[in-house]
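A short write-up of the structure that comes next.
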2 protein chains.
Amino acid sequence: MNIGQAARRSGVSAKTIRYYEEIGLIPAAVRTGAGYRDYGEAEIETLRFIQRARSLGFSVKDVGGLLALWRDRSRASADVRRIARDHVLAVEQKIAELEGMRRTLVALIDRCHGDDRPDCPILDGLSDSCCH
Amino acid sequence: MNIGQAARRSGVSAKTIRYYEEIGLIPAAVRTGAGYRDYGEAEIETLRFIQRARSLGFSVKDVGGLLALWRDRSRASADVRRIARDHVLAVEQKIAELEGMRRTLVALIDRCHGDDRPDCPILDGLSDSCCH
DNA sequence: TATGAAGCTTCCGGTCGCTGGAAGGTCAAG
DNA sequence: CTTGACCTTCCAGCGACCGGAAGCTTCATA
């Protein structure tokens, strides 16, 4: 199967598949006589795994770790769990950070009448030491 | 005032101040005889404004827009409000995305016993079409 | 069989918002 | 006069790709 079809079937773009190969996340694909990359079902499975892990926000590096554990039949599920728990903590921290921003922004926006007059509590808030 | 002190007083690192100058977010600083950048209170104010806007998650480009409005005494507060509202929407979207990830991750982690055995619902979940 | 479109290849550069480091000039204290 | 803490410029790299150019290959159609 060509890279284009592999891309369609895995949800990972052809560009990105090449990139993953280049950085060593996936092994170099087998080539056809003409030099085209050739993929089978196993590779599609791997790409799908990667796609799902990425869509859950795991870094490419973490995905590398998960892939290694996925392939290792004698893995300890605790190792997988640790990676996932660390990641969930990072996600929660990011959410908290964004909610802090959101709160401050909404508070500023609520106080701004938002018409053609120049006085603006949003800009005032950014001028004073409003936040943190 | 040297760039180092300006950095300390504004909360923007010296490296970053130079970077902001380079990309045109702030005008080129006045130089001393020796070629050192020289900052006054007005510049510190500007840097603080930038620092706060960045800490609320505005892109550097948006900060440029906000700075222009900040300096424009005949601005319409509606213009500021629009930038802020657009940004808050983007922040909310990002939060929703992260919460979706968090939900899925927590569900997977809860099902994983996390010991030295190899069977692991987290990896299974990443293999199947679990999400989306 | 020719031709043209669609696919593949590599390589290079850009994105965003910085950060680190090398090589060198300047300044104030001891 | 030296030392160390500044400052300067320039270049490279991070993460996770995307876009595009130049040049193959493959396949369907005229």
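Label-point spacing for A:Ser13 across the identical copies (point 7 Å from Cα in the Cβ direction), in nm and ascending order: 3.0. Computed on the Cα trace of chain A, the radius of gyration divided by the Kirkwood hydrodynamic radius gives Rg/Rh = 1.24.
Between the beta carbons of A:Glu22 and B:Asp115, assuming R0 = 30 Å, the FRET efficiency works out to 0.25 to the nearest 0.05.
For the pair segment B:82-131 / segment A:76-132, the C-alpha centres are spaced 19 Å from each other. Angle between the Cα long axis of helix B:60-71 and the longest principal axis of chain B, 0 to 90 degrees, nearest 10? Result, in degrees: 40.
Taking 8 Å as the Cα distance limit and 6 or more residues as the minimum spacing, I'd like the relative contact order of segment B:1-56 as a percentage.
41
Averaged over the residues of A:40-49, the number of partner chain Cβ atoms lying within 10 Å of the residue Cβ comes to 1. Look at the stretch A:102-114: the mean tally of other chain Cβ atoms within 10 Å of its residues' Cβ atoms is 4.
Counting only protein heavy atoms and a 1.4 Å probe, chain A has 55 square angstrom of accessible area per residue. Where the alpha-carbon atoms of the protein assembly as shown are placed on the principal axes, they occupy 64, 42, 35 Å, in descending order.
By the Cα gyration tensor, segment B:5-65 has an equivalent ellipsoid whose semi-axes, rounded to whole angstrom, run 20, 12, 9 from largest to smallest. A full extension of the chain between A:Val30 and A:Arg103 corresponds to an added length of 21.1 nm, given 0.36 nm per residue minus the alpha carbon distance. The angle between the Cα long axis of helix B:41-55 and the main principal axis of chain B comes to about 10°, on a 0 to 90 degree scale. For the pair A and B, the buried accessible area comes to roughly 4600 Å² in total, with a 1.4 Å probe and the value rounded to the nearest 100.
Averaged over the residues of B:75-86, the number of partner chain Cβ atoms lying within 10 Å of the residue Cβ comes to 6. Considering the rotation that superimposes chain B on chain A, the residue of B whose beta-carbon lies nearest the axis, and that distance in Å, is B:Ile95, 3.
Summarising the label geometry, the points placed 7 Å from Cα in the beta-carbon direction at A:Arg8 and A:Ser55 lie 1.8 nm from one another. Express the relative contact order of chain A as a whole percentage, based on alpha carbon pairs under 8 Å and six or more residues apart in sequence. The normalised contact order for chain A reaches 15 percent.
Computed over protein heavy atoms with a 1.4 Å probe, the carbon and sulfur contribution to the accessible area of the protein assembly as shown reaches 48%.
The values are calculated or read from the model by the stated rules, or taken from the named source; none is laboratory data. As the structure is a prediction and not an experimental result, all values here were calculated from the model. Cβ atoms come from the backbone with ideal geometry, glycine included; neighbour counts cover every protein chain shown. Note: areas computed on protein heavy atoms with side chains; ligands, DNA, RNA excluded. Shrake-Rupley method; radii C 1.70, N 1.55, O 1.52, S 1.80 Å.
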